[in-house]
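**Student:** What follows is a single structure, and I will ask about it in a moment.
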Ligand SMILES: Nc1ncnc2c1ncn2[C@@H]1O[C@H](COP(=O)(O)OP(=O)(O)OP(=O)(O)O)[C@@H](O)[C@H]1O
Ligand SMILES: [Mg+2]
């Protein structure tokens, strides 16, 4: 697959990458290498200039093809403020489930469960833009978790988290998830969560 | 940015249902805005002051707010007394200040403050987000309400971006003067802010797509009318009708 | 350019409200749900920009930039501005809900005029003409805004004639500054992010 932003340089040139169910992948690379871009391509938020993207055994081209992908894969954005656009934590977490057709009752239960899992009890009624960066990070993760995805794409999930909260995130990932790609610049963190490591640089991706 | 300074507190007004607040305040302030003469405005200013007394808002904060609001009114005090014909009060050069002019500007001043104080007492004592929620229930077009939600949500984010950009200007020894260089620098700062806001809005939209957005925003409702709300609604309606009648006859 | 509560007469308030309601209605029709984040965050940016005070001789003025907003948003400038003014009315009681219609019209109608005259040249022409069009948009936004404000006052009563004149005169230097800043802004956007200007409104 190849990709470049409009009026920008080529970021990927005939890039090849695949992952299987159960892969716990760490992705590293210098700033501007295209890590975030790769995740957005997987979610269908950007479209490749050439080449193909195949997910869950089907080639995905149009926006329509990605609807299913977006339900089964959860993306944590690099900047929490992009992800948290609702007034309160509760509404933000419920936004996804409600869009998936859950009733208000179910959504409320999901909100409660998700908050419990991530140690966010008591945050439901808080106003999102008054949270600290670390709290925003966790709530953003909660909005992804609430959709019960099979696979997670996490764009620098641990930035802004203190040691204890990072540990909580690690525990959560170990116990509740099987398949993910984590982007990070923190190698210590990566050693704890990733079984495979990839480096992305100069439009190449290679396994370490 | 600390914006909602009056919304903190736990008075009767802070606990009222925002839907009732809108339904009662809109007729009240419009009746005041349409008033002429002095009787109605004096009475409504007194009522507004009684309301604000119940909110427990500090007088200092209230006054500092009123000073800003009355800047325009001050301008009127300079011009209007000389712009009506009638009984002369005093004269400067060939400008004649009249009793009618003074009464007119006094009436405006009372009306302005009555409306503003009521707005602070009733709407200022609720969180902005819960007021916006109330609008959905009052059948305001939902697009407008969502626009408001997103707009308010991202002010603080963009304000931080602005502060960061401003800082990079300051550390590079930028000093604002009346010069083309200054205006150009500000223009680039604003341009950058616009670009950032555009990029961010694209990312927000992507985040919405990732969470299954299909063109509708689900709203979780959590308002419950209480007896106090109904009483307040009834009382305000009564007051509004009363001041309307009094100002008409006086 | 805000007119306070309690000043304008009933017919002026009602006319302003009706005209703005029509503008908002058309603007909302043109704004799809997926466009909401873009219009909203842009409005946030302009709200923040309006807090900037630029020096003008010994004094300073805060920016309005409604001409620029008009070029970027077209008819959607009505919903954008009414939302921003509502927040101001809520938080600062600056302007207010009875004069919301009039104040929205005073800012949004000039923005729309700027859009119809200058959006096309800004997009299509070379840098010099683009800068000129930007200047025109800035001047139009403030100039017509001051005129509409004056009209609202005069419509309320003959007695307001002098204040109306003062308002127009005071805005002359502001017009010039907004023109200059809008002009540079447009050039900046054309260079850095042309797609913002290209989008079909
Ligand atoms: N919206 C955009 N338009 C144009 N170019 C972009 C855009 N977003 C990113 N780029 C460019 O694409 C390249 C890859 O960006 P990307 O965000 O994927 O990098 P990254 O590996 O995630 O970096 P970081 O570690 O800093 O997060 C960068 O050179 C960036 O300048
Ligand atoms: Mg990145």
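Readers should treat all values here as calculations from the given coordinates under stated rules, not as data from a laboratory. Note that the structure is predicted; figures quoted are calculated from it, not measured. Virtual Cβ from ideal backbone geometry, glycine too; neighbours counted across all protein chains shown.
**Student:** Assuming R0 = 51 Å, can you tell me the calculated FRET efficiency for the pair residue C:18 and residue A:1, based on Cβ-Cβ distance, to the nearest 0.05?
**Tutor:** Working: r = 55 Å, r/R0 = 1.07.
Efficiency, rounded to the nearest 0.05: 0.40.
**Student:** Something else about it: Compute the distance in nm between two label points, each set 7 Å from the Cα along the Cα-to-Cβ direction, one at residue B:177 and one at residue B:241.
**Tutor:** 6.7 nm
**Student:** Just need log10 I(q)/I(0) for chain B at q = 0.12, 0.15 Å⁻¹, Debye formula, equal scatterers on the alpha-carbon atoms, no solvent, rounded to two decimals.
**Tutor:** Evaluating at q = 0.12, 0.15 Å⁻¹ gives log10 I(q)/I(0) of -0.96, -1.13.
**Student:** Regarding the protein assembly as shown, what are the three Cα extents along the principal axes, ordered largest first, in Å?
**Tutor:** 94, 65, 43
**Student:** Return the Rg/Rh value of the stretch B:181-233, two decimal places, where both radii are evaluated on C-alpha atoms and Rh is the Kirkwood radius.
**Tutor:** Looking at the stretch B:181-233, the ratio lands at 1.38.
**Student:** Considering all alpha-carbon pairs of the stretch B:18-62, what whole percent are spaced by more than 17 angstrom?
**Tutor:** The calculated P(r) of the stretch B:18-62 puts 45 percent of pairs beyond 17 Å.
**Student:** From the Cα gyration tensor of the stretch B:122-250, with a ≥ b ≥ c the square roots of its eigenvalues, which class applies: rounded if a/c is under 1.5, or else prolate if a/b is larger than b/c, or else oblate?
**Tutor:** Note, shape of the stretch B:122-250 comes out oblate.
**Student:** Sorted by packing (mean other beta-carbon atoms within 10 Å per residue), highest first, where do B:170-181, B:126-137 land?
**Tutor:** The most tightly packed comes first, giving B:126-137, B:170-181.
**Student:** Springs between alpha-carbon atoms under 10 Å, Gaussian network over chain B: tell me which of B:21, B:184, B:139 tops the mean-square fluctuations.
**Tutor:** Looking only at B:21, B:184, B:139, the biggest GNM fluctuation is shown by B:184.
**Student:** Follow-up question, since we're still on this one. For residue A:127 and residue B:82, what is the calculated FRET efficiency with R₀ set at 56 Å and r taken between the beta-carbons, to the nearest 0.05?
**Tutor:** Efficiency for this residue pair is about 0.65.
**Student:** Sort largest first and round to whole Å: the equivalent ellipsoid semi-axes of the stretch B:139-210, each the square root of five times a Cα gyration tensor eigenvalue.
**Tutor:** Equivalent-ellipsoid dimensions as semi-axes: 31, 14, 10 Å.
**Student:** Using per-residue counts of other Cβ atoms within 10 Å, averaged over each peptide, order C:145-153, B:98-106, B:225-233 from highest down. Before the final figure, lay out the partial values.
**Tutor:** On the way: C:145-153: 21.3, B:98-106: 18.2, B:225-233: 13.7.
Result, highest mean first: C:145-153, B:98-106, B:225-233.
**Student:** How big is the stretch C:1-82 by Rg and Dmax over its Cα atoms, in Å?
**Tutor:** 15.1, 45
**Student:** For the residues C:175, B:35, what sequence is obtained by ranking on other C-beta atoms within 10 Å, fewest first? Before the final figure, lay out each step's value.
**Tutor:** Values: C:175 20, B:35 26.
Least crowded to most crowded, the residues run C:175, B:35.
**Student:** Another question, if that's okay. If R₀ is 25 angstrom, what is the calculated FRET efficiency for the pair residue A:208 and residue A:49, using the beta carbon separation as r and rounding to 0.05?
**Tutor:** 0.35
**Student:** Considering only DSSP beta bridges whose two residues both sit in the protein assembly as shown, what percent are antiparallel, to the nearest 5?
**Tutor:** Details: 19 of 36 bridges.
Percent antiparallel among DSSP bridges in the protein assembly as shown is about 55.
**Student:** Viscosity 0.890 mPa s, temperature 25 °C: Stokes-Einstein D of the stretch C:108-161 from its Kirkwood Cα radius, in µm² per second?
**Tutor:** Details: Rh = 12.1 Å.
This corresponds to a translational diffusion coefficient of 203 µm²/s.
**Student:** Okay, moving on. Which of A:132, A:80, A:18 moves the most in a Gaussian network model of chain A with Cα springs under 10 Å?
**Tutor:** The residue with the greatest mean-square fluctuation here is A:18.
**Student:** Label-point separation (nm) for residue B:230 and residue B:23, each offset 7 Å from Cα along Cα-to-Cβ?
**Tutor:** The answer from the label model is 1.1 nm.
**Student:** Could you check the simple spin-label distance between residue B:8 and residue A:168, using points 7 Å along Cα→Cβ, in nm with one decimal?
**Tutor:** According to this spin-label approximation, the distance is 2.5 nm.
**Student:** To the nearest 500 deg cm²/dmol, what mean residue ellipticity at 222 nm is calculated for chain C from DSSP H runs of n ≥ 4 alone, each contributing -39,500 (n - 2.57), summed and divided by the residues?
**Tutor:** Calculated from helices alone, the mean residue ellipticity at 222 nm is -25500 deg cm²/dmol.
**Student:** So what's the back-of-envelope 222 nm ellipticity for chain B, counting only DSSP H runs of four-plus at -39500 (n - 2.57) apiece and dividing by all residues, rounded to 500?
**Tutor:** -23500 deg cm²/dmol
**Student:** A further question on this structure: If packing is taken as the average number of other Cβ atoms within 10 Å across a peptide's residues, how do B:111-124, C:71-84 rank, most packed first?
**Tutor:** Listed from highest to lowest mean packing, they are C:71-84, B:111-124.
**Student:** Let me ask another. Give me the inter-chain shielding for C:65-74: mean count of other chain Cβ atoms within 10 Å, whole number please. Each step should come with its number before you reach the end.
**Tutor:** Working: counts 3, 0, 0, 4, 1, 0, 0, 2, 0, 0.
Neighbouring Cβ atoms belonging to other protein chains average 1 per residue here.
**Student:** Something else: Can you tell me the length gained on complete extension of the stretch residue B:216 to residue B:60, counting 0.36 nm per residue apart and subtracting the Cα distance?
**Tutor:** 51.8 nm
**Student:** Okay, moving on. Other chains near B:133-146: what is the mean number of their Cβ atoms within 10 Å of each residue's Cβ?
**Tutor:** 3
**Student:** Using only the alpha-carbon atoms, what does the stretch C:10-198 span along each of its principal axes? Please give whole angstrom values in decreasing order.
**Tutor:** 48, 43, 29 Å, listed from the longest principal axis down.
**Student:** Identify which of B:65, B:211, B:153 has the largest mean-square fluctuation in a Gaussian network model of chain B, with springs joining Cα atoms closer than 10 Å.
**Tutor:** Ranking B:65, B:211, B:153 by mean-square fluctuation puts B:211 first.
**Student:** How far is the Cα center of the stretch C:104-130 from the Cα center of the stretch A:1-25, in Å?
**Tutor:** Going from one Cα centre to the other spans 40 Å.
**Student:** For the stretch A:1-91, how big is Rg over Rh, using alpha carbon atoms and the Kirkwood form of Rh?
**Tutor:** 0.98
**Student:** For the stretch B:137-199 and the stretch A:143-208, write down the distance between their C-alpha centroids in whole Å.
**Tutor:** 33 Å
**Student:** Please compute the average number of Cβ atoms from other chains found within 10 Å of each residue's Cβ in peptide A:37-45. Don't skip to the end; give the middle numbers.
**Tutor:** On the way: counts 0, 0, 0, 3, 0, 0, 3, 3, 7.
Per-residue shielding by partner chains comes out at 2.
**Student:** In addition: Please compute the Kirkwood hydrodynamic radius of the stretch A:3-207 from all pairs of different C-alpha atoms, in Å with one decimal. Working shown, then result.
**Tutor:** On the way: mean 1/r = 0.0565 Å⁻¹.
One decimal place: 17.7 Å for the Kirkwood radius.
**Student:** So what is the relative contact order of the stretch C:78-201, in percent, for Cα pairs below 8 Å that sit 6 or more residues apart?
**Tutor:** 23 percent
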